[in-house]
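I have placed the structure first, in the form of structure tokens, so that the comments after it can refer back to it.
The values are calculated or read from the model by the stated rules, or taken from the named source; none is laboratory data. Just so you know, these numbers come straight off a predicted model, no measurement behind them. Heads up, the Cβs are rebuilt from the backbone with ideal geometry, glycines too, and the neighbour counts pull from every protein chain shown.
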Amino acid sequence: MATTFLPFELGGLTGDNLKNVDLVRGKFNEALQAVNVRDAEIQRLSNVNGALQKQFTEANRLVTARSDEVTGLRQELAVQAGRVQELRNQLEQLAIKVPKIGVQDLVSQFKGNIDRINADVISRKTTGMLVDSVEVEVRGGIDVSDGLRITQLPPSALGETSVSVLKFSLRPTSALKIVEDDDARPR
């Protein structure tokens, strides 16, 4: 809202006119009205300036807060980008790394499964067959770089002459328990 200022001109005042009290009083009243209008406009502009200053201060505070958030997000993004790169490297390593299993682990897997099957048959107390012995034959690659391990060969390496054969048998242990007889011992 723009204020229109009343024009105030001294035009036509001369030494003779200044002796005319009504004319001087009228010019003085015009000057006071102009000063009051200007003072009101200065006050309005001061109020608008104060409101704009508050908005500017709040905007600066918000910009600083958002800038801090952006900095934090950039740091988090950098951390996550590093994590993505680590995971990508691990995936690449897994793609070229062939699976391996230790021979003892392989035998233990078979033995554990057979023991579980036999325990299931015994726990049911019904007629069933117990696994007495098992013969296992595994064809694959043998890796001796870190102990004896069987490795999965890539498809290009599979062939009759390129695989190793590992054979083992699982037989039950004796069920007899030998206990010393206390009475038979010499005293």
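With the structure loaded, tell me whether G12 is modelled with pLDDT under 95 and not in a helix (DSSP H, G or I) or whether it fails that test. Steps first, please.
Numbers: modelled with pLDDT under 95: yes; not in a helix (DSSP H, G or I): yes.
Criteria met by G12.
Just one of the numbered conditions (1) surrounded by 10 or more Cβ atoms within 10 Å (Cβ to Cβ); (2) hydroxyl-bearing (S, T, Y); (3) at pLDDT 65 or above is not true of T3; which one?
T3 satisfies every listed condition except (3).
Output the qualifying pairs, or none if there are none: Cβ atoms under 9 angstrom, residues six or more apart or on different chains, first residue in the stretch 136-157 and at pLDDT 70 or above, second residue of a type in the set (F, W, Y).
V136/F110; V136/F168; E137/F168; V138/F168
Within the stretch 87-105, is there a residue that is in a helix (DSSP H, G or I) and touching a residue at least 24 places away in the same chain (Cβ under 8 Å)? Explain how you work it out, then say what you get.
Taking the stretch 87-105 as the starting set, the residues that turn out to be in a helix (DSSP H, G or I) are 87-96, 103-105.
Now drop any that are not touching a residue at least 24 places away in the same chain (Cβ under 8 Å), which leaves 103.
Yes.
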